[in-house]
Amino acid sequence: MKKISKVVLLSVTALFISLFPIIQIVVSSELFRIKTTALISQKLPGEVQIKSISFGFIDGLLINGFIWHHGDSSSIKIDKLLLDIHWLDLASGSLTIKEMLIDGSRIDLKQTDINNISSKINKAEPTTTISNEKKPAEEPATTNESTPSFPLKVDIRAIKLAKINVDFSPSTSQKIQLHNFNFDTAIKLNEEGVDIRSIIRIDNFAFNDADKKISTPISMLINLKSDLAAQQVNLGQSNLK
């Protein structure tokens, strides 16, 4: 079974690499940018703009100048989104993400707009009918107490949020602000368990309402490990400043 899986992975990887020049041309084309913008606009109420999309074997998928705004009150502006994958590692059964990056963002949201958007999205989704017909009883699934196996080893070397500024209004009298929010984490997933290491830094966290005001910097270091065989989760280190 393992040999068959390796053959399939090698075949898929070889096919993907052979088609990569075509995929690169399609994804980096102006037509793809227009189609992607239109698709997101259909799913997300409001106006969406994307300045450019590029895709390369070395540079990964890069989106520049993503802008969404809903009326005059809520908007999201992102300078750069990057997804960089080590494609050749797929042949050995590993998914290696070198970097997932959101760089330079301005997020302005109001709770009333979020409620309106959620309502529109729910109305747009097709409703499912529930049948009254009784289905035959299914046999209980057999449980396997052994350690679960994963088809791929996952190594996410860096998930980064850099220079994020957030202005959120839960109500007319309350406001939450994050100035220069930075987040950096690395994740490893295999048959033995999960290892997560994260660093969070906010230059200034502010909460304002009619009665109280809070303003403070936040710095946090988290080291989380889980052992799938022993079914244990260990919080190795957690510092909050």
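Which of the strands (runs of 3 or more DSSP E) contained wholly in region 1-116 include at least 3 residues that are in contact (Cβ under 8 Å) with a residue 40 or more places away in the chain? Talk me through it step by step, then tell me what you get.
On the way: elements: 47-56, 60-70, 74-86, 94-110.
Qualifying strands (runs of 3 or more DSSP E): 94-110.
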Restricting to region 191-209, and then to whatever is open to solvent by 50 Å² or more (accessible area, probe 1.4 Å) and within 20 Å of the chain's Cα centre (by Cα), can you tell me which residue is nearest to Leu95 (Cα to Cα)? Arg197
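Quick one: which of Ser52, Ser41 is loosely packed, with under 14 Cβ neighbours inside 10 Å and of a type in the set (S, T, N, Q)?
Details: Ser41 fails: loosely packed, with under 14 Cβ neighbours inside 10 Å.
The match here is Ser52.
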Within region 75-113, can you find the residues that are buried (at least 17 other Cβ atoms within 10 Å of the Cβ), in contact with a strand residue (DSSP E or B) (Cβ under 8 Å, 6 or more places away or on another chain) and modelled with pLDDT under 85? Asp89, Leu95, Asp113
Looking at the structure I just gave you, is Ser131 modelled with pLDDT under 85, part of a helix (DSSP H, G or I) and out of contact with any helix residue (DSSP H, G or I) (no Cβ under 9 Å at 6 or more places or on another chain)? no
Residues being more than 20 Å from the chain's Cα centre (by Cα) and outside any strand (DSSP E or B) - total across region 159-190: 2
Filtered residue count, region 28-46, keeping only those that are modelled with pLDDT under 90, closer than 20 Å to Ile107 by Cβ and not small (Gly, Ala, Ser): 3
If the requirement is being charged (D, E, K, R), open to solvent by 40 Å² or more (accessible area, probe 1.4 Å), at pLDDT below 90 and more than 24 Å from Gln177 (Cα to Cα), which of these qualifies: Asp59, Asp72? Asp59
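The values are calculated or read from the model by the stated rules, or taken from the named source; none is laboratory data. Keep in mind that what you see is a predicted model, and the values were worked out from it rather than measured. Backbone-built Cβ (ideal geometry, glycine too); neighbour counts: all protein chains shown. Protein only, heavy atoms only, side chains kept; ligands, DNA and RNA dropped before computing areas. Shrake-Rupley method; radii C 1.70, N 1.55, O 1.52, S 1.80 Å.
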